[in-house]
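Asker: Before I ask anything, here is the structure I am working with.
The values are calculated or read from the model by the stated rules, or taken from the named source; none is laboratory data. Quick caveat, the model's predicted, so the values are computed rather than measured. For neighbour counting, all protein chains shown are included, and Cβ atoms are generated from backbone atoms with ideal geometry for every residue, glycine included. What goes into the accessible areas is simple: the full protein's heavy atoms, side chains included, and nothing from ligands, DNA or RNA. Shrake-Rupley method; radii C 1.70, N 1.55, O 1.52, S 1.80 Å.
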Amino acid sequence: WVLGCFEDDIERLRRAVEWLARPCPIEPDCWIGAVKSTNSGTTKAASLWNNHGLTPADFDQMLAEQQGVCGICSKVPRTKRSWMVDHSESRRQESRLKLNSSAGDAARGWKNPIEIRARRASVRGILCDECNKGLGFARENKTTLNRLADFLVGMQNEKVP
């Protein structure tokens, strides 16, 4: 499944390994201007907020910083629905333990500020659906991705006479 998602591309697998170490591109503690996106009434905005603690403007900013392409394969997906916010569940758990709520959070309407900040801190960026699925199938394991890349290198070397 992983090789299929990454189209048997060795360089793409190597870039996926580098991607896993990527920090959150938007500083999680410096988003005072963020508003609760669920008020906008759009499904996309509610999904971004509830799942990742992001506003649509945050999403657009991250995509612009990636020059409008997937962070791993550098391709533009076929449809807008193929864009995925990539996050690390383990980083989300770590962030949840580190963060403390602040007095201003309740005034901005955040129901659970620690959870929302932890969601945001776990974000690595924007990926196409295929790359995001590939990371998921590999369980975000760098060793697995490197082994698969090495396997493909070995397969290429066997083909050379």
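Asker: When only residues in the range 118-133 that are in contact with a Lys or Arg (Cβ under 7 Å, 6 or more places away or on another chain) and aliphatic (A, V, I, L, M) count, which is surrounded by the most Cβ atoms within 10 Å (Cβ to Cβ)?
Answerer: A121
Asker: Are there any pairs with C-beta distances below 7 angstrom linking a residue in the range 127-140 that is touching a residue at least 60 places away in the same chain (Cβ under 8 Å) to a residue that is small (G, A, S) and assigned to a helix (DSSP H, G or I), with the two at least 6 apart or on different chains, and if so which?
Answerer: From the range 127-140, the pairs are C131/A16; G134/A16; L135/A16.
Asker: What about E115, is it at pLDDT below 90, open to solvent by 80 Å² or more (accessible area, probe 1.4 Å), acidic (D, E) and within 18 Å of L54 (Cβ to Cβ)?
Answerer: no
Asker: Additional query: Out of all the residues in the range 1-21, which are open to solvent by less than 20 Å² (accessible area, probe 1.4 Å) and not in a helix (DSSP H, G or I)?
Answerer: F6 - this is the single residue of the range 1-21 that is open to solvent by less than 20 Å² (accessible area, probe 1.4 Å) and not in a helix (DSSP H, G or I).
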